[in-house]
Structure formats: structure tokens, C-alpha cells
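Peer 1: Provided herewith is a single structure, encoded as C-alpha cells, for subsequent inquiry.
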Amino acid sequence: MPRPSLLLTLVVAISFVAIAPLAAQDAAKPAKEKAKSKPKQQPAAPDPSLAAIKDEPGLPRVLLIGDSISIGYTLPVRELLRGKANVHRIQVNGGPTLRGLTDLDRWLGDGHWDVIHFNWGLHDLRLIDGKHQVPIEDYAKNLGELVKRLEATGAKLIWCSTTPVPVGANSRSAADLPAFNRSARKIMAEHKIPVDDLYGFAAPRVAEIQKKNDVHFTSEGSRVLAGQVVASIQHALASEGKVSTTPAKPELISVAKIWDKGPHNAFTDLIRFHDRWYCTFREADAHVGGDGGLRVLTSDDGGKWEPAALVTEDGIDLRDPKLSITPEGKLMIVAGGSVYRGTKQLKGRQPRVTFSADGKTWSAPQRVLNEGDWLWRVTWHDGRAYGVVYTAAPKAPVPKGADPVVAAYAASDDDWKPRLVVSNDGVHYETLTELGVPSRPNETTLRFLPDGEMMALVRREAGSQFGWIGASRAPYRDWTWHEIDYRLGGPNFIQLPDGSLWAGSRCHEGDVKTVLARLDRDGYEPVLTLPSGGDSSYPGMVWHDGQLWMSYYSSHEGKSSIYLARIKVPLEK
């Protein structure tokens, strides 16, 4: 009997050996078929920002060099300059200066460039094992070498400052950025290369346009940056005679009264903050005298407005409030603090500042500068606040119907000495220089062009009384001045994405009105009169959604009230 048992065992064993692979094959088949049925992962679509473009004949050629920040704004820059320039960019992330030294010649190619807008920085200051990827000393050396090679192209160069590093950003420290930007700015000054201060432009807006704890910007934020970049490129092209300067013709879209609840409402300013509108003005019993308060209104759409705050100080007439956003992302108001003690005669004055994180709760007004000073507005640039202070002595009571700025002081012309001041925190100021503007200069607005040049628009109340336009480059101690053919009142101005300058002011030609004027360093031309009259002007100006928004006050409807105009200003081709 042993033989059949052995035979049976062998048959079973052989059968198992033969069948096992087939069973394993069958078991694996569904898995294989399932794997085959999975759709293949498609490779990521190429980034259109990095795609090569075909030149449109006859247009200037512009090259963008930079990292992922510039990749983000490339397409909107290209769209804004469509029909005006061929906008190319390097077809990679520009990385640190080390990559630029290696690849710059390949990026430049053999073609001619009219303008090169360039930046390195975010990758150089990146922390690897606690150390910068490129130490700041090497960064400066590398950047200097890259500038020399870029200058050899003959193109108009524009340095773009490195955009803000938020606290908490991965692999970078916000505290390191200022030193890198200062190092770069020093090199650009040595080579006389204009600076597109994208850091200064973005810093007050980071809450609205930058991703949280991230160096990158939202899509809308990149579009906002693109407007600033385009302005710098347009300025460079215009200086080279590469673009047309056909005058734009503004058109009033709408105007609405947004506040009339105070006995006298006047002296406005306007700003965008955290995706909302804020408008401030003085609310008091009359144009002069009394203890005025600073009313703040807010709106999410510019149509429906509601009170956000009323800032007051006992015994003080707070007036002429001007809004700005600090580098720390707070709203700031600078205002005059006048003392009348129940009369129409000025007894004293000193500027005030107040701050808010949300537009609703404001710090107590804080005195700045000295008794007798008037700081009319500050403008933030590269992390510092700049303004013009003027000083005059009190005089006799203000005659009925007289302009208080003209009549409130009996000082000689020599006593009205404007000086340019600067502050790191908006509270403590130091004098940079005296401006030397004659004939009782007073209300002054400062703005910075994309290349860092400072411009000033100054009201004057003696001599011809015509306003002055000034221009200066860093360190802003030497100025050139040009007298315009118009008197000013509450002057303000703004630069639009195409580089054009527009001013708002009181017009004294005939009946007093509020006007919008075309502005350049040599002239001022009123081109649009807003519905206004009598006690009027002091506009706030903001470019938003392709329109110019302009707040102002006027008494043409019987009572001094606050108005908001929306104006279409076709960008220059």
C-alpha cells in the first residue's frame, strides 16, 4: 500500500506547483487591471508667465528679471503694456545673485533691450541652517557685478526693491530685509540707477495683497504690484521718448454727498485699508474756531457710508486730517491741533498724530514737533514718513470771510520757513533740509515716483500766490522748483499706473471751485471741474478698480458737506 500513497502525494504536489502560479496570476490580474484603469497624472501645464513671446514690430522691448514675485506680476504687466511695449521675462525663477552671475548672459540673449526691470534679494536672504544663502557682503559684491553687466547692454535700467517679508514667513526673517534693501539702494545710487520701490509701495498694503505668513502675493496683489511696475517702466520709456504722451481726457462718472451731519464738514482725505474705504474730515461749528473733531467714515463699496469714529481732544480744534498706512500696517492720521479758547483768534497750535489698527478705535491724539509748527501731510517711503512743516506767528482776529490760512498769521515772509522732515515712527521727526520756498509757503503734499524721486506741490500765500512744484532725489536735500500759473488750496496729487500725475485743488479762477488738474514737473492744467463752489476743495485721491476716486468738501448746496466723486481717467497710450 505504500506505493499508491506516494504516487498520490506526488500528483497532489505537482498539481499544486502547476496551479499556484496560475492562481497568483489570476489574483494579481484585478490589481493590474485596476492600475491600468487609473488615469495617468498629467504633467503640470507650463506657466504662461514663463513662455516666450513674439515681438510686435515697432514697440520697445522690456525685460523683467526676478524671482517668483516678478513671475506673479508678469502677465498683468504685459497686459497693461499691451500695444505699448513688448514685455519679456527670463524664463525661470531668477533665484539668488549667484544664479544671476551664472545665467545672465543667456537671459539677455543677443537682442536689444530698451528697459530692464530687475531684482535679486529674497533668495539671497533665505536662511539655510541659520545662515543666509548669500551673505550680505557677497550679495552686495554680486549685485555690483550684475549691475555692471546690465549697464553694458545700453538699456534703461530700473532696480526693483525686494518686497516685504512677513513675520512667520518660512526660511526668512523680516528683520533681515531692510539691510539687504539698503545695500542694494546704495549700489543703485552709485550707478545712478532709478529705483522702483516696490517694498515701499507694498508695505502699507500687505494685509490686503500679500498671503498670510508668506512672501508671495495673492492674484489680486500681483495685479496691484503690476500697476506700480508699469508706472516705473512707463516713466523710463517716456524719458527715452519711447512712448506717446497723448493727453487723457477725464470724465466724471458720478458724484454723491456722503456726509452733512456736522454744522461744518470740511478738509477731507481718502484711503483704502483692509479692503474697505475710509474717509476722514474735520467736523465743527464753523470753518474757523471751536473745537473741531476728526470724523472717520467707512464703506465696503464706496456707496453706503457709516461712521467709524470721532477723534476729539478737549480744548483743541483738530483739523486738516490726512490719512496714511504705516509700515506696521496701521492707519495713521496727522492733523493740526489749534487753540482758539472760544474765539476766532488763533492762540497756538501743534501737530497731532493718532493711530488705529481697525479704523474704529484710535489712540489719543499725540503732540509731535513743536509749538507753532504745522505738519500738513506725511507720505511713507521705504519705511519712513516724510512731510513738510511750516511755521508762522499768530496775528489779529480773522476778518469775516477771509481764508484762515491767509489771514490767521501776521508773520513776515521770512517767518514762513518750510522744512522737510522725516520720521521712522510717525511720532519723532528730524529735519532733513529747509526748502527755501518764498512767499509764505504752507500746505504741501509730497509723493514719490517709482524711481524714488520725490515731488512736492506747495501752496503759497504771498507774492504772486501761485503754487510751486518741486523735485528732488535722495537724500532729498537739493531741490529744483517751478512756479505754476495757478493758486492752490488744499493741494493733493497722485500717480496713476501709466505714470501720469493728476492733482486736485481749489481753483480761484472766477468762482471758487474744486478741480482735477493734469500735472507734471513743469506745469499744472485744470481739466475737470467738480460740482462745487464757495467753501470748497481739500481732496483725497485714490486709484481703485480702474477709476480715480476723489473725496472733497463743498458748500455749493448751501451747507459745507462731504462729497465723493468717481472719475474715468483713460490711461495714456
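Each reported figure results from applying straightforward, stated rules to the coordinates on display, with no laboratory input. For clarity, every value in this text was computed on a predicted model and none was experimentally measured. Heads up, the Cβs are rebuilt from the backbone with ideal geometry, glycines too, and the neighbour counts pull from every protein chain shown.
Peer 1: Let me understand region 251-568 better: what is its radius of gyration from the alpha carbons, and its Dmax, in angstrom?
Peer 2: Spelled out, the Cα radius of gyration and Dmax of region 251-568 are 17.8, 49 Å.
Peer 1: Could you give me the radius of gyration and the Dmax of region 54-239, taking only the C-alpha atoms into account and expressing both in angstrom?
Peer 2: Looking at region 54-239, its Cα Rg and Dmax stand at 15.6, 50 Å.
Peer 1: Loop only per DSSP, at most 15 neighbouring Cβ atoms within 10 Å: give me the trypsin sites (Lys or Arg not before Pro) in region 501-571, ordered by residue number. Each step should come with its number before you reach the end.
Peer 2: On the way: sites: R506, K513, R518, R521, K559, R566, K568; in loops: R521, K559.
In loop regions of region 501-571 (DSSP not H, G, I, E or B), the sparsely surrounded trypsin sites (Lys or Arg not before Pro) are R521, K559.
Peer 1: Something else now. Where the convex hull is taken over the Cα atoms of region 108-207, what is its projected area averaged over directions, in nm²?
Peer 2: The Cα convex hull of region 108-207, projected and averaged over all directions, gives 7.1 nm².
Peer 1: So what are the radius of gyration and Dmax for the Cα set of the chain, in Å?
Peer 2: 31.0, 141
Peer 1: I need the fraction of alpha carbon pairs in region 262-363 separated by more than 24 Å, rounded to a whole percent. Numbers along the way, then the final one.
Peer 2: On the way: 1077 of 5151 pairs.
Result: 21 percent of Cα pairs exceed 24 Å.
Peer 1: Equivalent ellipsoid semi-axes for region 421-573, as square roots of 5 times the alpha carbon gyration tensor eigenvalues: give them largest first, rounded to whole Å.
Peer 2: Rounded to whole Å, the semi-axes are 25, 19, 16.
Peer 1: A follow-up question, please. Sum up the charges of everything whose Cβ sits under 13 Å from the Cβ of W543, counting Lys and Arg as +1 and Asp and Glu as -1, but leave W543 out.
Peer 2: With Lys, Arg at +1 and Asp, Glu at -1, the neighbours total +4.
Peer 1: Which trypsin sites (Lys or Arg not before Pro) in region 148-210 pass both tests, a DSSP loop state and at most 16 other beta-carbon atoms within 10 Å? Walk me through the numbers on the way to the answer.
Peer 2: Details: sites: K148, R149, K156, R172, R182, R185, K186, K192, R205; in loops: R172, K192.
Sites meeting the loop and neighbour criteria: K192.
Peer 1: Calculate the spin-label point distance for L50 paired with K568, positioning each point 7 Å from the Cα along the beta-carbon direction, and give it in nanometres.
Peer 2: Between K568 and L50, the simple spin-label model gives 4.0 nm.
Peer 1: Could you tell me the relative contact order of the chain? Use alpha-carbon pairs under 8 Å, at least six residues apart, and round to a whole percent.
Peer 2: Worked out over the chain, it gives 10 percent.
Peer 1: Greater than 30 Å separation of Cα atoms is the criterion. Which listed pairs, K304/K344; K84/K330; K192/K513; K322/K417; K249/K322, meet it?
Peer 2: K304/K344; K84/K330; K192/K513
Peer 1: Reachable aspartates and glutamates from K347, Cα under 12 Å, same-chain residues fewer than 8 places away excluded?
Peer 2: Cross-link targets: D317, E371.
Peer 1: Let me ask something else about it. For n ≥ 4 DSSP H runs only, could you compute -39500 (n - 2.57) per run for the chain, divide by its residues and tell me the 222 nm figure to the nearest 500?
Peer 2: Values: 9 runs with 125 residues, N = 573.
My calculation for the chain gives -7000 deg cm²/dmol from helical runs alone.
Peer 1: Which of T529, T102 has the fewest other C-beta atoms within 10 Å, and how do the rest follow up to the most?
Peer 2: By the 10 Å Cβ count, ascending: T102, T529.
Peer 1: Ok, one more. Taking N as the number of residues in region 493-537, what value does Rg over Cα atoms divided by 2.2 N^0.38 Å take?
Peer 2: 1.19
Peer 1: In percent, how large is the relative contact order of region 251-568, given Cα pairs closer than 8 Å and 6 or more residues apart?
Peer 2: Averaging sequence separation for qualifying contacts and normalising by length gives 15 percent for region 251-568.
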